[in-house]
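Working notes for the structure below.
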Amino acid sequence: MSELLDEIKKRRTFAIISHPDAGKTTLTEKLLLFGGAIHVAGAVKSNKIKKTATSDWMEIEKQRGISVATSVMAFDYEGYKINILDTPGHQDFAEDTYRTLTAVDSVIIVVDTAKGVEMQTRKLMEVCRMRKTPVIVFVNKMDREGKDPFDLLDELESELKINVRPLSWPINIGQRFKGVYNIYEEKLNLYTPNKQVVTENIEFKDVNDPTLENYIGSDAEKLRADLELIEGVYSEFDVESYLKGDLAPVFFGSALNNFGVKELLDCFCHIAPSPRPVQTLERVVKPEEEGFSGFVFKIHANMDPNHRSCIAFVKICSGKFERNVNYRHVRQNKLMRFSSPTAFMAQKKETVDEAFPGDIIGLPDTGNFKIGDTLTGGEMLHFKGIPSFSPEMFKYIENADPMKTKQLNKGIDQLMDEGVAQVFTNQFNGRKIIGTVGQLQFEVIQYRLLHEYNAQCRWEPINLYKACWVESDDAAELDNFKRRKSQYMAVDKEGRDVFLADSGYVLMMAQQDFPKIRFHFSSEF
């Protein structure tokens, strides 16, 4: 039991979220650099050292320079075991990010100093607030011209609706950037722009000491004034209110130049929560319980291009997971054992013999898992809170090569299990409709069908406003509705009834005309 408690205390599982281009993937890399998990930032070892990010390993990500799928990375740092989930920032993949937030205990939000808080960040923060997830803010790109740090703090408070408290403070900005003063550790960190070397730290307890001028010259006065203002305006940093999700500590730095990242990591290890209890439909599951439990929050097809295999990502919530032990797959109510569970370092996988709460493991999947499935040591538990949202863009998917029908259908099945998008089968004409939250997903699907399944598809336009799941306690009323709306009825992958409204007006009228029918805009009801 004490071994289990020790392992739980060491774990820190968190996601890095931000708007595209704020520097999320760069920050992830620098954290891995400190953990000794990679040795040169951005170097993918090949004959010509290609500079692409370690966590972006899908071919399309390298071409586009954006992260499409959430990747999981684990490393050890000063006695802690850290699990990072790097999420896609692009809003077309927001759903993947929402699901990832169900599997983490805390979050780091990256904000670009020039652009401040952007829309995508606001949306993700709403999810964190809903779940009371503790948040740390990292203000990136301090070596570029940007907003005044005090204005930025005001913006964070008003836009993210959370109290903030700076734990480090920048000395000037842009061309004149000289470093940060680490308020949390009372140290002066001086900046030398170099992507591989970590900068010097000077213990500096009292900023009123006149030797400060020797290090930062005329900026010393401004730093003293700023720090005094911070003490006056912001309340003392309090770990409890951070853990409750009411207060966000703020750090400043430049991830690309490896600056301010170590301070963020050190403070994070000390204050961030270890794995927390998780709510299931039946009861609250505590991490220190003996019985194993975990849930699938993501499925990824073809992580290894040489083997067409799916992997289910499982977040462990309680007990200890062991290789080759029988566990119950709750939805199918059958026992399964796993001979090769894996842990991740981007796409480098290694087989693990055991894993503890907070860890994310990959289980080879031959079609047994769906997003949201529960695995336990035997108890019937159902984890909740992994929704699919109603899509906003729709296209018919058509087979462009009749000889490859089988490949196309298999590809669509696997990609939809991954939660990339949703497929609806129109009951009127039997055609398949793909629904997504963004245009880019159509391109990703087409690209992956071709390159991973050797199947060609083409898109055809369809004019739809929204897809909503319908149900009713009155079977006759539901039948009547389906008969009246037969051209607009479809079923989703689970065989549930979906109404495809072609305009907001049609949807509103349907809701008025059929009061006994419930219309849902997220699949979790």
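The values are calculated or read from the model by the stated rules, or taken from the named source; none is laboratory data. This is a predicted model, so every value here is computed, not measured. Note: ideal-geometry Cβ built from the backbone for every residue, glycine included; neighbour counts use all protein chains shown. Quick note on the areas: whole protein, heavy atoms, side chains included, nothing else; ligands and nucleic acids left out. Shrake-Rupley method; radii C 1.70, N 1.55, O 1.52, S 1.80 Å.
Of note:
- Here the peptides 392-405, 239-252 are ranked by packing, the mean other Cβ count within 10 Å, and the order with the highest first is 239-252, 392-405.
- Dipole-positive endmost among 403, 495, 463 within the stretch 391-508 (Cβ charges, Cα centre): 403
- Rounded to 0.05, the FRET efficiency of the residue 337 and residue 509 pair, given R0 = 60 Å and the Cβ-Cβ distance, is 0.70.
- Cα shape, the stretch 375-482, gyration tensor, a/c 1.5 rule: oblate
- Of the peptides 408-414, 423-429, 355-361, the ranking by mean beta-carbon count within 10 Å, highest at the top, reads 355-361, 408-414, 423-429.
- Contour minus Cα-Cα distance for residue 227 and residue 382 (0.36 nm per residue): 50.9 nm
- Accessible area (Å², per residue) of the stretch 359-480, counting only protein heavy atoms and a probe of 1.4 Å: 43 Å²
- Restraint check, 123/466; 334/404; 10/262; 9/178; 81/147; 10/115, Cα-Cα greater than 30 Å: 334/404; 9/178; 81/147; 10/115
- Set 298/516; 298/320; 286/315 screened for pairs whose C-alpha atoms are more than 24 Å apart: 298/516
- For the peptides 365-372, 134-141, the ranking by mean Cβ contacts within 10 Å, running from highest to lowest, is 134-141, 365-372.
- Charge dipole magnitude, Cβ of K and R +1, D and E -1 - the stretch 392-476, Cα centre, debye nearest 20: 420 debye
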